[in-house]
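The next block holds one structure in the form of structure tokens; read it before the comments.
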Amino acid sequence: MSEKDKLASIIADELNKQFKHQKVAYFLDEDSNPTDVTDWISTGSTMLDIAISNKPNGGVAVGKITELNGLEGSGKSLIGSHLLASTQRKDGVAVYIDTESAVSPEFLEAIGVDTKSMLYVHLETVEEIFDTIETIVTKIRESDKDRLVTILVDSLAAASTKVEMDADFDKDGWATAKAIIISKAMRKITQMIARQKVALVFTNQLRQKLGVMFGDPWTTSGGKALPFHASTRIRFKNAGQIKDTSKKNTIGIKIKGQVIKNRLGPPMRTAEFPLYFDTGIDDYGSWLNVMKEHKLVKVGGSWYTLPETDIDTGELIKEHKFQSKDFENLMNTNSTLRQYCYDRICEACILKYDSKQLGVDDVVETDEVVDEL
């Protein structure tokens, strides 16, 4: 159907009059976006951005809730900090809500965060966290609705409740108060940020389920409200150490991120990237690994050969030879080649949806199950 249904248009007009703060939209063209994803924020890793959004120049969705979970030392806070840096590069407001009292200004500045313009809030309870989020969103409505804002809560697992803070250290029954508060808050916050240019990101810690022999042995604290309301959930793990040339000192780690829930693209996609303790994510290093996996470059000893071809004709334009240590400088100094490599990576990694449609002639009336349509 190429045009809007007349009855549907009548219903849409009436609903738009009745619910003025909402909207009824159609999926008629590429520019129509009823899910309100108006912008994307980079995580600092190109491969992780593609795994989340399944599109070029993607990342974490604005107007949605994102959860970053994993064990200790898996890179959750790092990715959250990169999101703040990406927000500031887009002239947005970065808000860091800290519940762990473990923020390093030096490291934030090393990965590109302007700590002088970043709003830092230290809170202790989940009640204070959601009151603060509501205040921020309310002020956005009153002032600049088009200004991008990213709120990072690091972390939800470390936040307590007012009742828990006033109690002693004895066991006082089932610890369900935190889950109940988060569940109530999520029902309010989800709709509030959906209509604003606000990206709400929570980091959360994994807890092991006792006695689980099959299936996922991990869960997160705070109940099921956050996993349910989050549009995207990404799980990180430490995939290995990176040593220096002497093989004695650890200078970084390899991080593997898996999108375990995704309402904005295909789930269960993975991305791996190196992290160095002094500089943060080595994005171009992950580019080179992906290009090797998809045979976009030829490897001969310590040398790489990148054949640059014409997109339309496929004819060879030029061959670029380099070593891995020179790849980052090559990308930074040759913007045309960088865009070429990025386009080839997107072609190789982005999942193409198969939108087959059945016509009238394709329908078969039978009592048997049809395997192929």
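Could you please find all residues in the stretch 290-323 being open to solvent by 70 Å² or more (accessible area, probe 1.4 Å), in contact with a strand residue (DSSP E or B) (Cβ under 9 Å, 6 or more places away or on another chain) and not charged (D, E, K, R)? Residues satisfying the conditions are 299, 303, 316, 317.
For the stretch 96-109, filtering for residues that are assigned to a helix (DSSP H, G or I) and either over 21 Å from residue 276 (Cβ atoms) or not aliphatic (A, V, I, L, M) (or both) leaves 4. Scanning the stretch 80-115 for residues that are among the hydrophobic types (A, V, I, L, M, F, W, C) and within 22 Å of residue 130 (Cβ to Cβ) returns 83, 84, 93, 94, 95, 97, 102, 103.
Contact map, the stretch 268-293: residues that are in contact (Cβ under 8 Å) with a residue 60 or more places away in the chain paired with residues that are among the aromatic types (Phe, Trp, Tyr) and assigned to a strand (DSSP E or B), Cβ distance under 6 Å, separation 6+ or inter-chain. Pairs shown: 281/273; 286/273.
Among the residues making up the stretch 195-216, a single one is of a type in the set (Phe, Trp, Tyr) and open to solvent by 70 Å² or more (accessible area, probe 1.4 Å): 214. Of the residues making up the stretch 110-128, those that are in a strand (DSSP E or B) and either more than 29 Å from residue 178 (Cβ to Cβ) or open to solvent by less than 40 Å² (accessible area, probe 1.4 Å) (or both) are 121, 125. So, residue 183, is that one touching a residue at least 40 places away in the same chain (Cβ under 8 Å) and open to solvent by 20 Å² or more (accessible area, probe 1.4 Å) or not? In short, yes. Residue check: residue 161 meets all listed conditions (1) among the polar types (S, T, N, Q); (2) in contact with a Gly (Cβ under 7 Å, 6 or more places away or on another chain); (3) open to solvent by less than 30 Å² (accessible area, probe 1.4 Å) but one, namely (2).
Which members of the stretch 129-153 meet the condition of being buried (at least 18 other Cβ atoms within 10 Å of the Cβ) and assigned to a helix (DSSP H, G or I)? Of everything in the stretch 129-153, those that are buried (at least 18 other Cβ atoms within 10 Å of the Cβ) and assigned to a helix (DSSP H, G or I) turn out to be 129, 130, 133, 136, 137, 140. For the stretch 261-272, the criterion of being among the acidic types (Asp, Glu) and either over 27 Å from residue 81 (Cβ atoms) or exposed (fewer than 12 other Cβ atoms within 10 Å of the Cβ) (or both) is satisfied by no residue at all.
Reported count of residues in the stretch 65-84, each being in a loop (DSSP other than H, G, I, E, B) and modelled with pLDDT of 95 or more, is 0. For residue 179, are the conditions met, namely being assigned to a helix (DSSP H, G or I), modelled with pLDDT under 95, touching a Gly at 6+ places or on another chain (Cβ under 9 Å) and small (Gly, Ala, Ser)? Considered against the rule, which asks whether it is assigned to a helix (DSSP H, G or I), modelled with pLDDT under 95, touching a Gly at 6+ places or on another chain (Cβ under 9 Å) and small (Gly, Ala, Ser), residue 179 comes out as yes.
Looking at the stretch 186-223, which of the residues that are assigned to a loop (DSSP other than H, G, I, E, B) and touching a residue at least 40 places away in the same chain (Cβ under 8 Å) is nearest to the chain's Cα centre (by Cα)? This residue is 197.
The values are calculated or read from the model by the stated rules, or taken from the named source; none is laboratory data. Quick caveat, the model's predicted, so the values are computed rather than measured. A quick note on method: Cβ atoms are made from the backbone with ideal geometry, for glycine too, and the neighbour counts reach across all protein chains shown. What goes into the accessible areas is simple: the full protein's heavy atoms, side chains included, and nothing from ligands, DNA or RNA. Shrake-Rupley method; radii C 1.70, N 1.55, O 1.52, S 1.80 Å.
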